[in-house]
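What follows is a short report on a single structure.
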Amino acid sequence: MPETPPPFDPDAYAAAAAPLLGLEIDPAWIAPVTANLRVLAAAAELVAGFPLPDAVEAAPRFEA
């Protein structure tokens, strides 16, 4: 059985990722950055939680 990852912590992620990306985040922007990370994490959870059968294959090309 796969191990359940810990819940996403946007504050810890921003603190760890910013230096790895060479970013200096102004302390005044930390709250808006982590708020955006929370929204993105929620959207990703919706996408990742959508059940798909194992037989589904990725589309090779999308057209409008």
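The values are calculated or read from the model by the stated rules, or taken from the named source; none is laboratory data. Fair warning: this is a prediction, and the values are worked out from it, not measured in the lab. With ideal geometry, Cβ positions are generated from the backbone for all residues, glycine too; neighbour counts draw on all protein chains shown.
Filtered by the rule that a residue be modelled with pLDDT of 95 or more, part of a loop (DSSP other than H, G, I, E, B) and either surrounded by 10 or more Cβ atoms within 10 Å (Cβ to Cβ) or of a type in the set (D, E) (or both), segment 1-22 gives a lone residue, D9.
The selection criterion, being under 12 Å from the mean Cα position of the chain (by Cα), in a helix (DSSP H, G or I) and of a type outside the set (S, T, N, Q), holds for A43.
Only residues that are modelled with pLDDT under 95 and in contact with a helix residue (DSSP H, G or I) (Cβ under 6 Å, 6 or more places away or on another chain) were counted in segment 26-64, giving 0. Take D26 and tell me if it is among the acidic types (D, E) and loosely packed, with under 10 Cβ neighbours inside 10 Å. Taking the combined requirement at face value, the residue satisfies it.
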